[in-house]
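Working notes, beginning with the structure itself.
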Amino acid sequence: MAQTKKITDLLNKQFQKEQKFYDEFDLEKPYLHQEFRIENDSISFEFYYAPQLENQQKEIMRRVVHLKDINDFSKDYSILFLTEENSVIETIYLEKSSGKKEIVHQSTTDIFFTELRKDRKDESIQGKMIKAFSKAGYEIIGEYWYH
């Protein structure tokens with residue numbers, strides 16, 4: 001457990017840092033609904049964008065992947081984990097007032113997007129993440145880092 005805490009700490013701190021790079025009306029600004037966390041050796045987080053004006057409902061996106069299925073931590077436009085085929089589960093849901101979730105869409109993919117993309121000086125996170133995975137017993141690579 002303590003070994004994987006560094007992974008989520010890196011991601012959560014970077015997410016908070018990047019919030020400062022958005023202006024308050026940016027429609028592409030993600031908001032955390034649930035921080036990055038690791039439970040049962042799977043990493044997950046939930047986020048949403050500003051609610052659409054016509055219905056004021058938040059569509060919340062949840063992403064989850066087992067740590068053993070992660071192969072690579074890289075950046076193209078966004079910081080992402082590349083994984084085994086169809087190992088990332090993406091679920092879009094609406095949260096109802098009763099506390100229940102209404103699933104709108106669910107799919108699988110091999111890319112775990114972190115929604116981290118605004119920091120132009122974020123290169124150091126790649127080495128730190130690879131080291132944190134190694135200490136937790138998972139070997140991953142960092143094939144590329146583009147801005």
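The values are calculated or read from the model by the stated rules, or taken from the named source; none is laboratory data. None of the values given here were measured: they were computed from a predicted structure. Here the Cβ is made from the backbone with ideal geometry for all residues, glycine too, and neighbour counts use every protein chain on show. Accessible surface is based on the protein model in full, side chains and every heavy atom, while ligands, DNA and RNA are left aside. Shrake-Rupley method; radii C 1.70, N 1.55, O 1.52, S 1.80 Å.
Of the peptides 74-81, 60-67, how do they stack up when ordered by the mean number of other Cβ atoms within 10 Å, highest first?
Per-residue Cβ counts within 10 Å, averaged per peptide and sorted highest first, yield 60-67, 74-81.
If you roll a 1.4 Å probe over the heavy atoms of the protein chains, what accessible area per residue do you get for the range 52-132, in Å²?
Ligands and nucleic acids excluded, the result is 56 Å² per residue.
What distance in nm separates the two pseudo spin-label positions at Q106 and E85, each 7 Å out from Cα along the beta-carbon direction?
2.2
Just to confirm a number: summing +1 for Lys and Arg and -1 for Asp and Glu over residues other than E85 whose beta-carbon lies under 15 angstrom from that of E85, what do you get?
Residues close to E85 contribute a combined charge of -4.
So, in Å, what gap is there between the alpha-carbon centers of the range 118-145 and the range 23-91?
Measuring centre to centre over Cα atoms gives 17 Å.
Can you tell which of I111, L11, I70 lies farthest toward the positive end of the dipole of the chain, using +1 and -1 charges on the Cβ of basic and acidic side chains (Lys, Arg; Asp, Glu)?
Farthest towards the positive end: L11.
Could you work out the local net charge near G137, counting Lys and Arg as +1, Asp and Glu as -1, over the other residues with Cβ closer than 15 Å to its Cβ?
The answer is +2.
Name the shape class, rounded, prolate or oblate, that the alpha-carbon gyration tensor gives for the range 1-132, where a ≥ b ≥ c are the square roots of its eigenvalues, rounded holds for a/c under 1.5, and otherwise prolate holds if a/b is larger than b/c and oblate otherwise.
oblate
Take each of the peptides 16-26, 85-95, average the number of other beta-carbon atoms within 10 Å over its residues, and list them starting from the highest.
Top to bottom by mean Cβ count within 10 Å: 85-95, 16-26.
Taking K58 as the anchor, which lysines have their alpha carbon closer than 26 Å to its alpha carbon, excluding any fewer than eight residues away along the same chain?
Partners within reach: K13, K17, K20, K29, K96, K100, K101, K118.
Roll a 1.4 angstrom probe over the protein heavy atoms and tell me the percent of accessible area of the chain that is carbon or sulfur.
48
When Lys and Arg each count +1 and Asp and Glu each count -1, what net charge do the other residues less than 14 Å away from D23, Cβ to Cβ, add up to?
Residues close to D23 contribute a combined charge of -1.
Tell me the angle of helix 2-19 to the major Cα principal axis of the chain, expressed in degrees between 0 and 90 and rounded to the nearest ten.
Roughly 50 degrees, rounded to the nearest 10.
Using Cα pairs closer than 8 Å and at least 6 residues apart in sequence, work out the relative contact order for the chain, in percent.
Computed value for the chain: 23 percent relative contact order.
How far is helix 124-135 tilted, in degrees, relative to the longest principal axis of the Cα atoms in the chain, given as a value from 0 to 90 rounded to the nearest 10?
The two axes meet at around 70 degrees.
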